[in-house]
């Protein structure tokens, strides 16, 4: 993986992970042999970054989001890519990380490159920088040089690993201009699991499971509260009716 390259590629390919999997950029073109067509968007190509190509990369929920899934006062959490060598130095609650990171490659038509890059700079500006990485298509075709936005460990939005349950609780209660943080996580879990039979991410799936449990517990609490309020109102109405019906001497 290399840092920002000053030269403009003749063919612009974007590597999409995180929300870019299910929410593609504008003006993207299809790969000549698409491997997957989503239900609501034309996903051009499902592929994977392989260890032998990029020095090994790990996807992790370690980056804060002040502008989309949280606020400056209460940043949400989004995913970024980190080098495996760096991940191995972290105190992670998962013993291992996948050997590949799954995502989607989008080809941007030449005349729309400037417009799309401007759009992405606004969308990904909070804590992300531009890098270039080789992208290995799942069908075994030659690697593609792709542009990728990464929240590196040296940026102020990088928060590092957290206890999974505390992280799930933080995501569950966070929200920002782009919506609820939990919706981002649950959508990512679904999108990753649908890319290919082995494209699911254990860390993401574990967090999604915890958030769904929090949702279920909240729903149960709301039902109990609603039942108690209903019983109280019914009792109050009965007492009022008895007072009205009581004969006066």
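The values are calculated or read from the model by the stated rules, or taken from the named source; none is laboratory data. Remember, it's a predicted structure, so these values are computed and weren't measured experimentally. Cβ coordinates were reconstructed from backbone atoms using ideal geometry, including for glycine residues, and neighbour counts include every protein chain displayed.
Numbers at a glance
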quantity	calculated
Boolean, residue 172 is part of a helix (DSSP H, G or I) and either surrounded by 15 or more Cβ atoms within 10 Å (Cβ to Cβ) or at pLDDT below 85 (or both)	yes
Flag for residue 159 being touching a residue at least 12 places away in the same chain (Cβ under 8 Å), out of contact with any helix residue (DSSP H, G or I) (no Cβ under 9 Å at 6 or more places or on another chain) and more than 26 Å from residue 213 (Cβ to Cβ)	no
Any chance residue 134 is under 25 Å from residue 215 (Cα atoms) and touching a strand residue (DSSP E or B) at 6+ places or on another chain (Cβ under 7 Å)	no
Test: residue 107 is modelled with pLDDT of 85 or more and either touching a strand residue (DSSP E or B) at 6+ places or on another chain (Cβ under 7 Å) or surrounded by fewer than 13 Cβ atoms within 10 Å (Cβ to Cβ) (or both)	yes
Single unsatisfied condition, residue 192 versus (1) within 21 Å of residue 21 (Cα to Cα); (2) at pLDDT 85 or above; (3) surrounded by fewer than 21 Cβ atoms within 10 Å (Cβ to Cβ)	(3)
Failed item in (1) at pLDDT 75 or above; (2) more than 17 Å from residue 24 (Cβ to Cβ); (3) surrounded by 14 or more Cβ atoms within 10 Å (Cβ to Cβ), with residue 92 passing the rest	(1)
Residue list for the range 134-151, filter: in contact with a helix residue (DSSP H, G or I) (Cβ under 9 Å, 6 or more places away or on another chain) and assigned to a loop (DSSP other than H, G, I, E, B)	138, 143
Candidate set: the range 201-222, residues that are surrounded by fewer than 19 Cβ atoms within 10 Å (Cβ to Cβ) and within 16 Å of residue 101 (Cβ to Cβ); chosen: the one modelled with the highest pLDDT	205
